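Notes follow the structure.
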Amino acid sequence: MSLPIKETIGFAGLQLNFLLDGEDTNGNLVQFELVVPPGSKVPAPHFHVEVDETCYVLEGTVTQLVGTETMELHAGDYLFIKRGTVHGFNNLHDKTARALCTLSPASIGPAYFREIAEVISAGGPPDMQKVLAIMRAYGLEPVKPA
């Protein structure tokens, strides 16, 4: 049985296809397919205050920063990112990458990504103060690259 896509949110070339959200899981987790086009360099390194994340690469290659280590994840590779761990990703390759992402608990879900998309897609350079305020409101802390 395949899960229907509940909602698709897109911004900065990314596409997030939500399969499960907090309403489906009693607040325990959010799950989405992340589609990352070639050449994407998002998001800025950050950590989650109270959320763990898993990422399973379905297609393509994702360059993933975790802590101070950068690694290439290929189809079939997976990664667990414990809350408090700095991370970020890029698609530095010429093929679209797709990954199945799970966040637990469900506090960083569709509402967060809708708010970020609204600011990023408003036209012109994004208001970074608004982006940072939204991130922090949902328990994401940006980190300046080393």
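Given the criteria exposed (fewer than 14 other Cβ atoms within 10 Å of the Cβ) and touching a residue at least 12 places away in the same chain (Cβ under 8 Å), does GLY124 qualify?
no
Looking at (1) part of a strand (DSSP E or B); (2) closer than 24 Å to SER107 by Cβ; (3) not polar (S, T, N, Q), which is the only condition GLY84 fails?
GLY84 satisfies every listed condition except (1).
Which pairs do you get when a residue that is over 14 Å from HIS46 (Cβ atoms), found in the stretch 74-89, comes within reach of a residue that is assigned to a loop (DSSP other than H, G, I, E, B), reach meaning Cβ atoms under 9 angstrom, with the pair 6+ apart or on two chains?
Within 9 Å, the pairs are HIS74/GLY60; ALA75/GLY60.
Please tell me if GLU50 is closer than 18 Å to LEU140 by Cα, out of contact with any strand residue (DSSP E or B) (no Cβ under 6 Å at 6 or more places or on another chain) and among the charged types (D, E, K, R).
When the stated conditions are applied, GLU50 passes them.
Among the residues of the stretch 87-121, which ones are touching a Gly at 6+ places or on another chain (Cβ under 9 Å), polar (S, T, N, Q) and either surrounded by fewer than 17 Cβ atoms within 10 Å (Cβ to Cβ) or not in a loop (DSSP other than H, G, I, E, B) (or both)?
ASN90, THR96, SER121
Has the stretch 9-21 got any residue that is in a strand (DSSP E or B), in contact with a helix residue (DSSP H, G or I) (Cβ under 6 Å, 6 or more places away or on another chain) and modelled with pLDDT under 95?
Yes - at least one qualifying residue is present in the stretch 9-21.
Is there a residue being under 13 Å from the mean Cα position of the chain (by Cα), exposed (fewer than 15 other Cβ atoms within 10 Å of the Cβ) and in contact (Cβ under 8 Å) with a residue 24 or more places away in the chain anywhere in the stretch 19-29?
No.
The values are calculated or read from the model by the stated rules, or taken from the named source; none is laboratory data. A quick note: this is a predicted structure, and the numbers were derived from the prediction, not measured. Cβ: placed from backbone, ideal geometry, glycine included. Neighbour counts: every protein chain shown.
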